[in-house]
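So the structure is just underneath, and the comments pick up after that.
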Amino acid sequence: MTDASEAEMSSNDNGTRLHKSSPLFILIHVVIKSIIPLAFGVFTYGTSKYSNILVIAATVFIASFALLQYWFYHYWIKEEKIEIKEGIFFKNNRKVPYTRIQNVNVSQNPLQRIFKVATLQLESASGGKPEAVMRVVDLGVVERIKHKVKQANALVSASSVETGDPGIENSDTDADAVVGDKPLHTMSTFEVIKYGIISQKGMFYGAIIFGFLAQNQVLMSAAYKYFELFYSVPDFTKITLAEGFVYVLVIGLVMFVFLQLMSILWSLMKFYDFKIEKQGDRLQAHMGLLSKVAATIPLKKIQLYRLSENPLHKFFKARTITIETAGGVNTDNSGIVMRWLAPSINTNKVRSFIHEIEPKIKLGSVDWQLIPYRAWKRVLKRSLFTLAFFSAILIGVASLPQITLKAYAWAIMVAMIPVCYFYSKNYVKKTAYYINDDIICFKSGVWFGKQSFVKISKIQTVEILESPWDRRNKMATLEIDTAGSNPLLHHVRIPYLELADAYELQAFIQNRLDETEFNW
């Protein structure tokens, strides 16, 4: 886009609409998200003769409403800010200064690449959801907005350096730093496939598919009928035990392979050609097979680093590294989510990779402090109470005349008692924390290990939580909150601390906060 066209865009009182192909993409988006699920549900479960009329009427209404959104959507690219106006009945006018935009994320699906357009998402420090999602804009507009955001942030950084603003962490992320030719981390196709197996995401989608099929007897009957055209399904009431075992084994194997392929397909779609590189004071990530995604991550906005491992991670000698950012979108429904620094990285490369991004996190020299050993008794009591709760449910179910529980069901419940003991003993061995003048770290997990690292300069609040059981045992939980905290995910929340140690840690962190300029 030329400077003249930009000036024309900025000075146009009526603003500029999205790309002329935008109605097509909006319509496709609405069809996939709304109309197809509606039609599927109506034709699957609906028995009314008005089902077709209902679907057609809903389709016309939803499509018309979506197209009207294009007509009422305008934006202005100005010198210091971008202004967006949208809404049919309820108008929404937002003015977002370029200096407030933290992340600029771009996504392109195959059809968008043909039309040379993209979806642009702008995030500020407000968090939760993006400031703007411009679904179909010309690539020239994308580059122009990215340039203005980069230029504005560079001016802010330069101004902060000149005034000696301590809030800018120049020692860690120098905006003028020389960036190497090599990216920080890349994933080959084989590594992406391995991560698909590690993630087991196919279990989630498989559960949705099988759950839907289990509730859809009409579709299952039709599928069964077509399946019999190729293979005659035996009567399982008339086959031998050995034949039944073979059939169950084959069906189980087919389902297992299907779920693994689903996991691999998900991983390839999302992380194919994954690459993350350092560009001055921010990270730039690229990924995607059909839909290409490019996302920026300002280093100074990273609030928390998280390392994850499960048994499959250990088998493949890999780890997953994710982050939480201030102002970052935190749900997939809100827009383009960028929380991965490395979906899968070799265990031997984790230390150098983290150190390259955040020099103050030195994994090799972390001296972990275990939680009090006596906490295992509390963990055991909690586990046994949970086991007793489920046993009570089983007893209630067994009392129903229609249901008879086999003896091995109770044997399993009894066998869980030593498992609870093993879990409790290992919980206190694998739950630990580390703190110095700059970083506080926490790790936990018996079966699925996680480690979270937070810079003290990013901390907003330090809480000490005491439950009635904590007070009885003179213990407490120390919880750290940052601008990007997601309480549903693993974060710095240290349980079963001795009460005196918890208050001592809180006092130390508070003193460091008083001495440190808060920068989120």
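The values are calculated or read from the model by the stated rules, or taken from the named source; none is laboratory data. Just so you know, these numbers come straight off a predicted model, no measurement behind them. Virtual Cβ from ideal backbone geometry, glycine too; neighbours counted across all protein chains shown.
Structure data summary
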| read-out | value |
| --- | --- |
| Residue in the range 498-518 that is modelled with the lowest pLDDT, counting only those that are surrounded by fewer than 16 Cβ atoms within 10 Å (Cβ to Cβ) and either in a loop (DSSP other than H, G, I, E, B) or touching a Cys at 6+ places or on another chain (Cβ under 8 Å) (or both) | F518 |
| Whichever residue in the range 302-328 is hydrophobic (A, V, I, L, M, F, W, C) and not in a strand (DSSP E or B) and, among such residues, is modelled with the lowest pLDDT | A326 |
| Test: residue in the range 329-342 that is charged (D, E, K, R), in contact with a helix residue (DSSP H, G or I) (Cβ under 7 Å, 6 or more places away or on another chain) and at pLDDT below 90 | no |
| Single unsatisfied condition, A125 versus (1) closer than 30 Å to A222 by Cβ; (2) at pLDDT below 80; (3) of a type outside the set (K, R) | (1) |
| Given (1) in contact with a strand residue (DSSP E or B) (Cβ under 7 Å, 6 or more places away or on another chain); (2) more than 30 Å from K300 (Cα to Cα); (3) without any contact (Cβ under 8 Å) to a residue 60 or more places away in the chain, index of the condition F89 fails | (1) |
| Within the range 21-38, considering residues that are in contact with a Phe, Trp or Tyr (Cβ under 9 Å, 6 or more places away or on another chain) and not hydrophobic (A, V, I, L, M, F, W, C), the one surrounded by the most Cβ atoms within 10 Å (Cβ to Cβ) | S22 |
| Evaluation of S160 against (1) among the small types (G, A, S); (2) surrounded by 12 or more Cβ atoms within 10 Å (Cβ to Cβ); (3) under 30 Å from S107 (Cα atoms); (4) at pLDDT below 70 (one fails), failing number | (3) |
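Yes/no matrix, rows are residues, columns are (1) within 19 Å of K182 (Cα to Cα); (2) of a type outside the set (F, W, Y); (3) touching a strand residue (DSSP E or B) at 6+ places or on another chain (Cβ under 8 Å):
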residue	(1), (2), (3)
Y247	no, no, no
L259	no, yes, no
I264	no, yes, no
Q284	yes, yes, yes
T296	yes, yes, yes
L312	no, yes, no
A342	yes, yes, yes
R351	yes, yes, no
